[in-house]
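Encoded as structure tokens, the structure appears first; notes follow it.
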Amino acid sequence: MLDLKALSDKIDEFEKIIDYNFKDKKKLVLALTHSSYANECKNEKLASNERLEFLGDAVLEMVVSEHIYLNSTYYSEGEMTKFRANVVCERSLEKCAKSISIGNYLLLGKGEENSGGRKRTSILSDAVEALIGAIYLDGGFESAKAFILNQLGELINKSINGSIFTDYKTQLQEYIQKTSDHTISYEIIEEIGPDHSKMFVSQVKIDEKTLGIGKGRSKKEAEQMAAKAYLEKIKA
């Protein structure tokens, strides 16, 4: 079995950083155990943090969704979904991981350690979700909520206020320029609703072929959403 005493100093140190004291320290150890470490210690029959990651992801979405719902009264479902997507993503979770230095406390296998696993975005973001799952199991929903809002509350509010902006048009332009010399154009194809609450529909075209359609409250937002739709097709 894993020697918790040998880890006690690090556990105490990390608990101070995250401002949460685990009743069951084994839950924290599990949250910090990467699959590479568990695989190298098969004789000890250690589990990895992957199941906790699954749980933490659900808790994170719930907390962020609730906060957005309660603090963005006049926004539609689609707009709230966009606000949440800005927060519940690898990039945001990586920032959180770095702010609490979780990479320093992960239990990694030798191969993962040597290949820079402590700084790998996917490992860091997954570990944050596992930590959220562990806090939820150890202290309940309110404890997990307190941790999430302490770490990501400012980012959630920035997303609601429009301070976070992803330039999908530039991303698409850069992608097309790398792969071809085709021409990108945007066209507003529909305007929906009264003047005081109008919704615009845009299409993005490459060499006159329509590849993405998006909606927005302004022409610029509709174009951004059209570019995003095509980028998501490319990634899929």
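On a full-extension model of 0.36 nm per residue, what is the gain between Asn114 and Ile234, subtracting their alpha-carbon distance, rounded to one decimal in nm? The partial results should precede the final answer.
Values: separation 120, 0.36 × 120 = 43.20 nm, distance 3.23 nm.
This chain segment gains 40.0 nm when fully extended.
Tell me, Asp57, Asp207 in order of fewest to most beta-carbon neighbours within 10 Å? Could you put the intermediate results ahead of the total?
On the way: Asp57 19, Asp207 10.
Ascending Cβ contact count within 10 Å gives the list Asp207, Asp57.
Given the convex hull over the Cα atoms of segment 76-138, what projected area results after averaging over all orientations, in nm²?
Values: hull surface 21.0 nm².
The Cα convex hull of segment 76-138, projected and averaged over all directions, gives 5.3 nm².
Determine, for Ser92, Ser122, the number of other Cβ atoms within 10 Å of each Cβ, and report the residues in order from fewest to most. Write down the numbers at each step before the final one.
On the way: Ser92 22, Ser122 11.
By the 10 Å Cβ count, ascending: Ser122, Ser92.
Just rank Arg84, Arg217, Arg91, fewest to most, by other beta-carbon atoms within 10 angstrom. The partial results should precede the final answer.
Numbers: Arg84 20, Arg217 14, Arg91 11.
In order of increasing Cβ crowding within 10 Å: Arg91, Arg217, Arg84.
Report the rotationally averaged projected area of segment 110-236 based on its alpha-carbon convex hull, in square nanometres.
Numbers: hull surface 49.1 nm².
Computing the convex hull of the Cα atoms and averaging its projections yields 12.3 nm².
Say a paramagnetic label sat at a point 7 Å from the Cα of Glu61, along Cα to Cβ; which residues of segment 74-108 have their backbone N under 12 Å from it?
85, 88-89
Pairing the Cα long axis of helix 4-18 with the longest principal axis of the chain, what angle in degrees results, from 0 to 90 and rounded to the nearest 10?
It works out to around 40 degrees.
Test of understanding: in a Gaussian network model of the chain with alpha carbons linked when under 10 Å, which of Ser65, Ser218, Ser101 would top the mean-square fluctuation ranking?
Result for the chain, Cα springs under 10 Å: Ser218 fluctuates most.
Starting from the Cα-Cα distance between Glu221 and Gln173, subtract it from 0.36 nm times their residue separation and give me the gain in nm to one decimal. Don't jump to the answer; show the numbers that get you there.
Values: separation 48, 0.36 × 48 = 17.28 nm, distance 1.61 nm.
Result for the pair: 15.7 nm of gain on full extension.
Among the listed pairs Lys145/Lys220; Lys82/Lys110; Lys16/Lys228; Lys158/Lys198; Lys119/Lys220; Lys145/Lys215, which are separated by more than 30 Å between their Cα atoms? Walk me through the numbers on the way to the answer.
Values: Lys145/Lys220 35 Å; Lys82/Lys110 39 Å; Lys16/Lys228 40 Å; Lys158/Lys198 24 Å; Lys119/Lys220 36 Å; Lys145/Lys215 32 Å.
Correct reply: Lys145/Lys220; Lys82/Lys110; Lys16/Lys228; Lys119/Lys220; Lys145/Lys215.
Pick from Lys215, Lys98, Lys27 the residue whose mean-square fluctuation is largest in a GNM of the chain, springs joining Cα atoms under 10 Å.
Among Lys215, Lys98, Lys27, the largest GNM mean-square fluctuation belongs to Lys215.
For segment 157-236, state which chymotrypsin sites (Phe, Trp or Tyr not before Pro) are in a DSSP loop and have at most 14 other beta carbons lying within 10 Å of their beta carbon. Numbers along the way, then the final one.
Working: sites: Phe165, Tyr168, Tyr175, Tyr186, Phe200, Tyr230; in loops: Phe165.
Answer in residue order: Phe165.
What ratio of Cα Rg to 2.2 N^0.38 Å holds for segment 168-235? Please list the in-between numbers first.
Values: Rg = 12.2 Å, N = 68, 2.2 N^0.38 = 10.9 Å.
Expressed relative to 2.2 N^0.38 Å, the Cα Rg reads 1.12.
Average the reciprocal distances over every distinct pair of alpha-carbons in segment 7-161, invert the result, and give the Kirkwood radius in Å. Present the calculation step by step, with values, prior to reporting the outcome.
Details: mean 1/r = 0.0629 Å⁻¹.
The Cα-based Kirkwood calculation yields 15.9 Å.
A short reminder: the numbers here are calculations on the coordinates, not readings from a lab. These figures come from a predicted structure and were not determined experimentally. Note that we place each Cβ from the backbone using ideal geometry, even for glycine, and neighbour counts take in every protein chain shown.
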